1. Which one of L75, L85, L103 is assigned to a helix (DSSP H, G or I), in contact (Cβ under 8 Å) with a residue 24 or more places away in the chain, in contact with a Pro (Cβ under 9 Å, 6 or more places away or on another chain) and not aromatic (F, W, Y)?
2. Which one is nearest to the chain's Cα centre (by Cα), of the residues in region 163-211 that are of a type in the set (V, I, T) and farther than 24 Å from C82 by Cβ?
3. Which residue out of S237, S248, S180, S155 is free of Cβ contacts under 8 Å to residues at least 24 places away in the same chain and either within 30 Å of T22 (Cα to Cα) or assigned to a loop (DSSP other than H, G, I, E, B) (or both)?
4. Test A136 against the criterion of being of a type outside the set (V, I, T) and at pLDDT 85 or above, and give yes or no.
5. So T119 passes all but one of these: (1) at pLDDT 85 or above; (2) within 30 Å of V18 (Cβ to Cβ). Which condition number does it fail?
6. Taking region 200-234, which residues are of a type outside the set (A, V, I, L, M, F, W, C) and without any contact (Cβ under 8 Å) to a residue 40 or more places away in the chain?
7. With respect to A153, determine if the residue is surrounded by 16 or more Cβ atoms within 10 Å (Cβ to Cβ) and at pLDDT 85 or above.
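The values are calculated or read from the model by the stated rules, or taken from the named source; none is laboratory data. Nothing here was measured: the structure is a model prediction, and the numbers come from that model. Backbone-built Cβ (ideal geometry, glycine too); neighbour counts: all protein chains shown.
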Amino acid sequence: MHIHLPELSGIILTYLLVFSRTGSMMMLLPALGEGGIPAQVRLVLALAVSVALAPTVQSAYPAHAPATALQLGLLIAQEVTCGVLIGSMSRIIMSALQTAGYLIATQTGLAYAQTVDPTQHEQGAVIGNFFSLLGAVLIFSTDLHHVAIGAIAGSYHMLPPGAALPTGDMAELTVRLVSSAFVLGFQLAAPFIVFGFALYAALGILARLMPQLQVFFVALPINILFGFVLMALLLGSMMTLFLNFYASEMANFL
């Protein structure tokens with residue numbers, strides 16, 4: 001089958017370009033772009049969103065296809081670049097959970113327990129992987145994935161088709177997202193860090209009072225036990241903080 005460039009006009013051309021941006025974003029958006037979601041599901045969702053979005057943004061695209069395949073390829077590459085940039089920036093938001101999980105795992109002595117993250121298919125600390133999976137589930141259960149879908153439409157306000165990329169503003173937003181995600185991850189792990197300091201200080205004093213005591217064999221099970229108890233008590237509050245952070249930061253893309 002041969003496709004002639006003059007035939008790519010009107011809504012067909014718009015749909016092709018919208019799908020280029022939507023498809024690339026859908027593979028990276030938080031919750032929607034998780035590795036645990038089959039690629040076929042993400043593809044169908046990208047097709048559906050593109051069908052709904054194309055008529056509303058048709059005026060932002062050229063009415064007729066460029067004269068050469070190279071110019072058409074540049075248009076598609078520009079849309080894919082916009083989708084990848086916004087999707088990558090929004091993906092930083094989920095790193096707060098991995099940061100918190102790694103800090104907690106390090107503090108409780110579980111950092112050596114590496115498992116495959118079901119959302120990204122990468123090795124990571126078991127607590128960080130649990131937080132990532134729980135965060136994705138809660139995003140869907142609280143309907144916050146609608147915010148991620150809204151970010152696709154919002155990308156046309158942030159990066160209009162055919163306009164130059166605002167590299168300075170995007171770099172500033174990326175730095176702010178990275179710093180905010182790290183701060184949140186540290187805040188989520190702060191109770192465990194404080195508990196660890198208090199525990200090791202107490203065990204240090206105990207070791208001075210009882211030199212014959214094998215402190216390491218006492219500290220490790222106590223650290224893990226109280227770490228899990230503390231997590232059970234604070235998990236609801238931690239996830240609430242993350243969901244509020246997710247909603248507020250994703251609003252930047254609307």
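1. On the way: L85 fails: in contact with a Pro (Cβ under 9 Å, 6 or more places away or on another chain); L103 fails: in contact with a Pro (Cβ under 9 Å, 6 or more places away or on another chain).
It is L75.
2. Within region 163-211, the subset of a type in the set (V, I, T) is 167, 174-175, 178, 183, 193-194, 205.
From the residues that got through so far, the ones that are farther than 24 Å from C82 by Cβ too are 183, 193-194, 205.
Details: V183: 15, I193: 24, V194: 27, I205: 43 Å.
In this case the residue turns out to be V183.
3. Unique residue meeting the criteria: S248.
4. Considered against the rule, which asks whether it is of a type outside the set (V, I, T) and at pLDDT 85 or above, A136 comes out as yes.
5. Failing condition for T119: (1).
6. Y200, G204, R208, P211, Q212, Q214, P221
7. Yes.
Table: residues versus (1) of a type in the set (G, A, S); (2) surrounded by 21 or more Cβ atoms within 10 Å (Cβ to Cβ); (3) part of a helix (DSSP H, G or I).
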position	(1), (2), (3)
M25	no, yes, yes
L47	no, no, yes
V51	no, no, yes
A67	yes, no, no
V80	no, no, yes
I93	no, yes, yes
